[in-house]
Amino acid sequence: MKHLFRVAVKWALKQNQKDSTKRFYSKSHQIMIEGKAVLEVSAAKAFKGDPELYNPEDLLLSSLVSCHMMSYLYVCSQNGIEVLEYSDEAEATLEVSADGSGRFVAVHLNPKVKIANADQIELANTLHTKANQLCFIANSCNFPVLHHGSCELFTA
């Protein structure tokens with residue numbers, strides 16, 4: 001089974017960029033996906049982008065966090081685990097070479113899960129491995145996506 005996803009990008013030279021002494025084009029642009037709000041995107045601040053806008057690195061890490069969470073919730077439902085809260089504070093390491101090329105070398109996911117049944121905490125912790133195996137985005141990456149999950153009993 002295959003699914004097709006479509007995205008459009010739009011960028012234009014801004015009036016104040018016509019100064020020939022400028023060495024860099026603006027990195028700010030729009031990403032459009034049919035039926036969804038327009039994303040205002042730029043390069044990361046380190047690469048002369050607008051720090052107030054999302055950047056491709058933010059979006060890649062966000063995709064990994066989101067996909068892992070959805071895969072994890074799926075495998076928990078398959079195993080009868082009632083997840084009541086899920087949070088993550090993930091980190092990605094990007095290395096830039098002298099020639100300006102770069103690549104992510106690792107992503108660390110740090111999911112914190114709260115479940116309804118204390119007897120399932122050990123199983124809930126092990127299911128991050130299965131979720132990682134199922135995650136569409138992680139399966140598409142050429143760098144390790146590591147998970148350091150924790151699980152505890154939900155208390156109101």
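The values are calculated or read from the model by the stated rules, or taken from the named source; none is laboratory data. This one's a predicted model, so the numbers in the text were calculated from it and none came from an experiment. With ideal geometry, Cβ positions are generated from the backbone for all residues, glycine too; neighbour counts draw on all protein chains shown. Note: areas computed on protein heavy atoms with side chains; ligands, DNA, RNA excluded. Shrake-Rupley method; radii C 1.70, N 1.55, O 1.52, S 1.80 Å.
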For this session: Would you be able to say whether some residue in the range 100-116 is more than 24 Å from W11 (Cβ to Cβ) and assigned to a helix (DSSP H, G or I)?
Result: no
Exercise. How many residues does the range 81-99 contain that are touching a residue at least 12 places away in the same chain (Cβ under 8 Å) and either part of a strand (DSSP E or B) or farther than 17 Å from V145 by Cβ (or both)?
Worked result: 11
Problem set entry | Residue satisfying condition, being under 29 Å from F136 (Cα atoms) and either crowded, with 16+ Cβ neighbours inside 10 Å or modelled with pLDDT under 95 (or both), within set S26, S77, S20, S63 | S63
Problem set entry | Only listed residue being in contact (Cβ under 8 Å) with a residue 40 or more places away in the chain and either in contact with a Gly (Cβ under 7 Å, 6 or more places away or on another chain) or open to solvent by less than 40 Å² (accessible area, probe 1.4 Å) (or both), chosen from H108, H128 | H128
Exercise. A46 versus (1) assigned to a helix (DSSP H, G or I); (2) within 30 Å of F154 (Cβ to Cβ); (3) more than 18 Å from the chain's Cα centre (by Cα): which is the lone unmet condition?
Worked result: (2)
For this session: Exactly one condition in (1) touching a Ser or Thr at 6+ places or on another chain (Cβ under 9 Å); (2) surrounded by 12 or more Cβ atoms within 10 Å (Cβ to Cβ); (3) modelled with pLDDT of 95 or more is not met by E52; state its number.
Result: (2)
Seminar exercise, completed: Of the conditions (1) open to solvent by less than 50 Å² (accessible area, probe 1.4 Å); (2) in contact with a helix residue (DSSP H, G or I) (Cβ under 6 Å, 6 or more places away or on another chain), the single one that A43 does not satisfy is (2)
For this session: State yes or no: is V38 among the β-branched types (V, I, T) and open to solvent by 70 Å² or more (accessible area, probe 1.4 Å)?
Result: yes
Exercise. So, in the range 131-156, of the ones that are in a strand (DSSP E or B) and open to solvent by 60 Å² or more (accessible area, probe 1.4 Å), which residue ends up farthest from L64 (Cα to Cα)?
Worked result: L153
